[in-house]
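The values are calculated or read from the model by the stated rules, or taken from the named source; none is laboratory data. The shown structure was predicted, so the numbers you read here are calculated from the model rather than taken from an experiment. With ideal geometry, Cβ positions are generated from the backbone for all residues, glycine too; neighbour counts draw on all protein chains shown.
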Amino acid sequence: MYINFKDLIKLWGKPANQKEIDLNLPVGRISTDSRTIEQGDFFVPLVGNKFDGHDYLDLAFDIGIQAAIVSEQFNGLVPTDLLHWVVPDTLYAYQQIALLHRRNLNLPVVAVTGSVGKTTTRELIRAILSPLGEIVSSKDNENNDVGVPKTLLSGSETDAAFVIEMGMRGFGQIERLSRVAEPDIAVITNVGQAHIGILGSRENIAKAKSEITSNLRSDGVVIIPFGDILLEKALLEKWSGRIVRVAIKDFSLNCLGSNNEHFAFQDIQPDYISQVDMQNNFISFEESKFKLPLEGRHNAMNFLIALTVAKELGLSIKNLDKLKINMPIGRNRLVTCGQYLVLDETYNASPESVIASLELLVSKPGRHFAVLGTMLELGSESISLHQKVLQRAVELGLNGIVFVSCGEESNIIKKTIKVLPNHDVVRTPREAAITLLSWLSPGDNILIKGSRKLELEKVLPFIKQ
């Protein structure tokens with residue numbers, strides 16, 4: 001840890017129990033989890049809806065923690081000999097420590113947000129930057145108020161850069177994460193319909209995503225896809241620095257309509273325009289040509305953004321043939337299950353991501369089937385967006401869809417997909433698997449995709465059997 005006790009006194013003043021301490025002594029490993037506490041750690045007890053880390057202060061003290069912070073709302077007893085500070089909010093204090101650590105390390109920080117493709121773009125950036133050295137990247141779903149500081153605190157002076165994913169469910173969240181990370185480069189992959197039920201409109205989603213610039217360094221840069229007027233307007237209110245826009249020739253940003261929005265900004269042109277050869281899986285970037293590490297036109301855009309990040313950091317990108325992409329389970333996974341090819345997208349779903357996955361599915365030779373599930377958090381737009389997505393599936397000529405429904409959209413789904421050769425609406429992954437298997441023949445291609453709550457990964461074991 002590259003923080004000493006003198007730094008903590010600057011943040012919070014003198015410790016509550018006035019113990020004698022060496023101000024130059026480095027602070028131990030920051031721990032928020034009582035289950036993994038070790039001797040010499042600095043304990044930060046977080047408070048959630050169903051837990052309170054303060055309940056484990058005695059346990060942490062017995063293990064031999066170095067010191068702790070304690071919320072001023074805590075009414076219990078703090079061990080007498082425990083060096084500690086009392087703070088208004090332990091989560092905010094945790095974020096303060098992470099920011100201080102980030103500043104002391106002074107490594108480049110790339111922050112990534114967007115409605116769709118955050119994790120994929122994060123992993124592509126991490127892989128492309130790996131020639132610089134060890135890249136500290138967000139893991140799994142640690143893209144929130146706790147996960148971002150945790151990732152920053154895991155960095156050391158032997159690392160080369162941070163790649164930080166930032167998630168969002170409402171206004172102010174990405175602003176807080178930007179405050180913690182102070183990015184050098186901010187990436188917004190897109191502005192889609194995800195969380196529209198919470199924020200109400202794409203305009204509001206664009207405003208929330210643009211919060212990533214709140215603490216972007218003044219000499220930093222925002223990288224965005226060219227052609228989104230809502231994002232351009234939102235950034236105009238938030239950011240006066242550099243914006244780099246990237247585009248793929250003949251690629252429409254908005255797969256749900258309104259393709260010509262960017263013409264309102266006649267004076268804006270993309271900084272990089274790439275061409276994609278989907279048949280041979282290649283993308284051009286400046287004078288070079290690269291093999292796409294992940295299939296699909298949507299992933300070509302994510303890869304173009306990652307290439308642009310590398311260029312902004314001054315990295316040579318001549319040799320990218322052996323990128324190691326560590327995609328989490330349930331995202332962008334092509335799996336051979338016996339006699340079938342399965343596109344495993346079971347982690348989550350939004351209208352744009354479902355359409356992108358369907359288009360990738362039908363690019364495979366053979367017949368095409370999908371197990372789809374309800375897309376949540378779409379609010380009053382839910383029924384119309386489900387209808388648009390399924391109309392696109394019909395246009396693509398799928399051989400069958402079984403839909404796992406947990407909402408009011410069942411009737412419109414049945415009406416939309418009844419023109420397909422095979423169709424059904426069910427309530428559980430097990431029912432979906434039974435129906436799907438009755439349709440399949442060797443060599444068929446299957447997409448499985450729905451919101452996390454539906455647990456569509458439970459369909460996979462049936463197919464494997």
Checklist entry - Is there a residue in region 43-57 that is touching a strand residue (DSSP E or B) at 6+ places or on another chain (Cβ under 7 Å) and under 18 Å from residue 101 (Cα atoms)? => result yes
Checklist entry - Has region 366-386 got at least one residue that is loosely packed, with under 15 Cβ neighbours inside 10 Å and at pLDDT 95 or above? => result yes
Item to check | Output for region 54-83, where each listed residue is touching a Pro at 6+ places or on another chain (Cβ under 6 Å) and touching a residue at least 24 places away in the same chain (Cβ under 8 Å) | outcome: 83
Item to check | region 6-39: number of residues that are closer than 16 Å to residue 153 by Cα, of a type outside the set (D, E, K, R) and surrounded by 14 or more Cβ atoms within 10 Å (Cβ to Cβ) | outcome: 7
Checklist entry - Is it the case that region 171-185 has a residue that's over 22 Å from residue 105 (Cα atoms) and in a loop (DSSP other than H, G, I, E, B)? => result yes
Item to check | Selection status of residue 66, polar (S, T, N, Q) and in contact with a strand residue (DSSP E or B) (Cβ under 8 Å, 6 or more places away or on another chain) | outcome: yes
Checklist entry - For residues in region 129-157 being within 22 Å of residue 312 (Cα to Cα) and among the charged types (D, E, K, R), which is surrounded by the most Cβ atoms within 10 Å (Cβ to Cβ)? => result 134
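Would you confirm, using the coordinates I've provided, whether residue 454 is surrounded by 23 or more Cβ atoms within 10 Å (Cβ to Cβ), at pLDDT 95 or above, closer than 20 Å to residue 197 by Cα and not β-branched (Val, Ile, Thr)?
Numbers: surrounded by 23 or more Cβ atoms within 10 Å (Cβ to Cβ): yes; at pLDDT 95 or above: no; closer than 20 Å to residue 197 by Cα: yes; not β-branched (Val, Ile, Thr): yes.
So residue 454 fails the test.
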